[in-house]
Amino acid sequence: MTGAIAQKGLAREFWKRKPLKKMNDAEWEALCDGCGKCCLNKLEDDDSGEVALTNVACRLLDDATCRCVHYENRRQFVPDCISLTPDNLDTHAYWMPQTCAYRLLFDGKELPEWHPLITGDPNSVHKAGVSMQHRTVSEFSVPEEDWEDHIIEEPT
Ligand code: SF4
Ligand code: SF4
């Protein structure tokens, strides 16, 4: 999901007035704060359904920018990368990061004060310390059987 940046030309505080399913593409994409947390590998307990976050990032995540390095054609490299849409958000919200704007709005909550749509600064997510900037290791360097050793608390 880390391909969008906050865009100009959007109606003021559209997220407070428009339901998620009524948003246009630009509004939908602008909700992404660029935290990079949805591009981390997760471990899900089959029995409890509990989801644990690791700091082991998808091979295409840039640790410095928290952006996908091949967002437009990422499926050529990562076929199972999920495209979040208004229609499938209900099936994914449960594993999305606590601070993710899509999850927050889906749960009827407000955007945090550091969100780039509110600050006007795409870097405010990093300045607030809630992104994965400089905190990940690549999945190339950690075998899957060792991911358990990389479980982290979500920075919030
Ligand atoms: S967790 Fe949400 S806000 Fe953060 S990069 Fe992914 S889609 Fe964007
Ligand atoms: S391919 Fe990887 S880095 Fe790119 S958006 Fe998907 S999960 Fe994130």
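If you take every DSSP beta bridge fully contained in the chain, what fraction is antiparallel? Give it as a percent rounded to 5.
Details: 7 of 9 bridges.
Percentage antiparallel, nearest 5: 80.
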Subject >> Theoretical ellipticity at 222 nm over the chain - DSSP helices of four or more residues, -39500 (n - 2.57) apiece, nearest 500 >> reply: -3000 deg cm²/dmol
**OP:** State, to one decimal in nm, how far the label point of LYS127 lies from the label point of SER141, with both points 7 Å from Cα in the Cβ direction.
**Re:** 2.9 nm
**OP:** Could I have the simple spin-label model distance between ASP80 and ASP47, label points 7 Å from Cα toward Cβ, reported in nm to one decimal?
**Re:** 2.3 nm
Original post:
For the chain, how big is Rg over Rh, using alpha carbon atoms and the Kirkwood form of Rh?
Top reply: 0.95
Original post:
If we count every other residue with Cβ under 13 angstrom of HIS126's Cβ, Lys/Arg +1 and Asp/Glu -1, where does the sum land?
Top reply: 0
**OP:** Between beta-carbons, use under 13 Å as the cut-off and find the net charge around ALA93, counting Lys and Arg +1, Asp and Glu -1.
**Re:** -1
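Evaluate the charge dipole of the chain about its Cα centre and quote only its size in Debye, nearest 20, assuming +1 on the Cβ of each Lys and Arg and -1 on the Cβ of each Asp and Glu. Walk me through the numbers on the way to the answer.
On the way: 17 positive and 28 negative charges, 241 e Å.
My answer is approximately 1160 debye.
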**OP:** Tabulate in residue order the Karplus-calculated ³J(HN,Hα) for region 20-36, using 6.51 cos²θ - 1.76 cosθ + 1.60 with θ = phi - 60°, rounded to whole Hz; enter x for Gly and Pro.
**Re:** 3, 6, 9, 6, 7, 4, 5, 5, 4, 5, 5, 5, 5, 8, x, 6, x
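Given +1 on the Cβ of Lys and Arg, -1 on the Cβ of Asp and Glu, and no further charges, what dipole in debye does region 70-119 carry about its Cα centre, rounded to the nearest 20? It would help to have the intermediate numbers written out before the result.
Details: 4 positive and 7 negative charges, 30 e Å.
The calculation lands at about 140 debye.
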Subject >> GluC sites (Glu not before Pro) within region 10-108: DSSP coil, no more than 14 neighbouring Cβ in 10 Å >> reply: GLU13, GLU50, GLU72
**OP:** Report the convex hull volume per residue for region 75-156, counting only C-alpha atoms, in Å³.
**Re:** 143 Å³
**OP:** Have a look at LEU89, LEU40, VAL137 and report the one farthest towards the positive end of the charge dipole of region 1-154, computed about the Cα centre with Cβ charges (Lys/Arg +1, Asp/Glu -1).
**Re:** LEU89
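Please give the length that would be gained between THR156 and GLU29 if that part of the chain were fully extended, namely 0.36 nm times their separation in residues minus their C-alpha to C-alpha distance (nm, one decimal). Each step should come with its number before you reach the end.
Working: separation 127, 0.36 × 127 = 45.72 nm, distance 2.11 nm.
Residue separation times 0.36 nm, minus the Cα-Cα distance, leaves 43.6 nm.
Values in this text are rule-based calculations from the coordinates and carry no lab data. Note that the structure is a prediction, hence the values are computed from the model and not measured. Because the Cβ atoms are built from the backbone with ideal geometry, glycine has one as well, and the counts that use them run over all protein chains shown.
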